[in-house]
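The structure under discussion appears below in the form of structure tokens.
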Amino acid sequence: MTMRDGEGRVTSLEMLTPAGWERAKGFSYGVVSDGGRTLFIAGQLGVIDGATSVPAGMAFSDQYIQALRNVVAVAKAASGDAANITMMRAFVRDMVLFRQSHEPVGAVWRELFGKYFPAMTVVEVTQLYCPNALVEIEAVAVIG
């Protein structure tokens with residue numbers, strides 16, 4: 001996959017699947033970059049426009065979707081986009097809610113990422129820094 005950043009620089013990313021393995025569903029096993037600037041994106045919550053906390057009662061899927069949008073917003077601030085994101089880690093408070101949210105999250109995923117799937121890990125945790133947070137997503141991007 002080849003992409004250009006906001007300044008016209010080209011980066012190439014290669015999605016990896018080891019020989020004999022089935023293609024991963026919803027993520028890549030590995031992503032190789034041919035170079036560029038590395039952006040480390042801090043854990044993003046389901047906050048609106050950089051607010052300091054997640055609104056009380058915000059649904060899991062809404063938080064996950066907003067956290068994804070926030071990850072992409074940080075990539076765009078570095079002249080990148082969703083296609084530059086090579087790795088994401090999602091920390092969720094409830095794996096069952098994560099699994100139940102595939103439909104609404106998938107629709108927004110297609111809007112933001114298309115059919116591109118970075119390497120990804122999802123981990124269930126007991127709590128996050130913000131008491132109302134149900135999900136936090138951190139990422140790595142290679143830009144230009």
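Please verify whether region 119-136 includes one or more residues that are hydroxyl-bearing (Ser, Thr, Tyr) and buried (at least 18 other Cβ atoms within 10 Å of the Cβ).
Initially, region 119-136 is screened for residues hydroxyl-bearing (Ser, Thr, Tyr), giving 121, 126, 129.
Then drop every residue that is not buried (at least 18 other Cβ atoms within 10 Å of the Cβ), which leaves none.
No.
Given the criterion buried (at least 21 other Cβ atoms within 10 Å of the Cβ), hydrophobic (A, V, I, L, M, F, W, C) and outside any strand (DSSP E or B), identify the matching residue among 96, 72, 47.
Numbers: 96 fails: buried (at least 21 other Cβ atoms within 10 Å of the Cβ); 47 fails: buried (at least 21 other Cβ atoms within 10 Å of the Cβ).
Selected residue: 72, the only one of 96, 72, 47 that is buried (at least 21 other Cβ atoms within 10 Å of the Cβ), hydrophobic (A, V, I, L, M, F, W, C) and outside any strand (DSSP E or B).
Anything in region 99-141 that is more than 13 Å from the chain's Cα centre (by Cα), outside any loop (DSSP other than H, G, I, E, B) and of a type in the set (A, V, I, L, M)? List them, or say none.
107, 123
Of these, 86, 126, which one is of a type in the set (Ser, Thr, Tyr) and closer than 19 Å to residue 15 by Cβ?
Numbers: 126 fails: closer than 19 Å to residue 15 by Cβ.
So the residue among 86, 126 that is of a type in the set (Ser, Thr, Tyr) and closer than 19 Å to residue 15 by Cβ is 86.
Just to be sure, is residue 65 in contact with a Ser or Thr (Cβ under 9 Å, 6 or more places away or on another chain) and surrounded by 19 or more Cβ atoms within 10 Å (Cβ to Cβ)? Don't jump to the end; show me each part of the working.
Numbers: in contact with a Ser or Thr (Cβ under 9 Å, 6 or more places away or on another chain): yes; surrounded by 19 or more Cβ atoms within 10 Å (Cβ to Cβ): yes.
Taking the combined requirement at face value, the residue satisfies it.
Just so you know, all these numbers are worked out from the coordinates, no wet-lab data involved. Because the structure is predicted, anything quoted here is derived from the model rather than measured. Positions of Cβ are generated from backbone atoms using ideal geometry, with glycine treated the same way; all protein chains shown enter the neighbour counts.
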